[in-house]
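As structure tokens, the structure follows; a few thoughts come after it.
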Amino acid sequence: MSDRAGPTSMLAQPLRPPSLGRAALYLGLLVLGALTGAAGALVQPGWFPGGLLLALAAEAGLCVGAARAVGARGAAVAPAVGWAVAVILLTASRPEGDFLFAAGSGSYLFLLGGIAVAVICATLAPVRQPDGDAVRLGK
């Protein structure tokens, strides 16, 4: 056993509750994702190929931009969850028979493409890497 004292891994540290500021930031990103989903639902049927691409690019830009600004993958997940909740709630038809999504290829591409964009952005979001020699296991 080595008695060397050094910085410990993040996995070995006890869990700390998130700060109020970080929780408010993630809540704001969740709401911004919901607004992006609602706006995309309205834009995508208007100009079929262009509106669909614009709505998906807005979601991707929000997720990647949030992750890059905060430096954590959770910042990319928060707007993706907000987007998904808003879009799923907007797919339900009302008792009067009104609906927002028509049964067409554009709506399905928006739903499935948006979920794929959210997963890709949350998975590949750039995060900060630890620096220094102490982070290498062999040293």
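Computed quantities for the displayed model
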| item | result |
| --- | --- |
| Backbone N under 13 Å from the SER93 label point (7 Å along Cα→Cβ), restricted to the range 102-123 | 102-104 |
| Semi-axis lengths, Å, the range 19-127, gyration tensor of Cα atoms, sqrt of 5 times eigenvalues | 26, 15, 10 |
| Segment ALA116-TRP47, length gained on full extension (0.36 nm per residue, minus Cα span) | 22.7 nm |
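Read the figures in this text as sums done on the coordinates, not as results from a lab. All of these numbers come straight from a predicted model, not from anything done at the bench. Cβ atoms come from the backbone with ideal geometry, glycine included; neighbour counts cover every protein chain shown.
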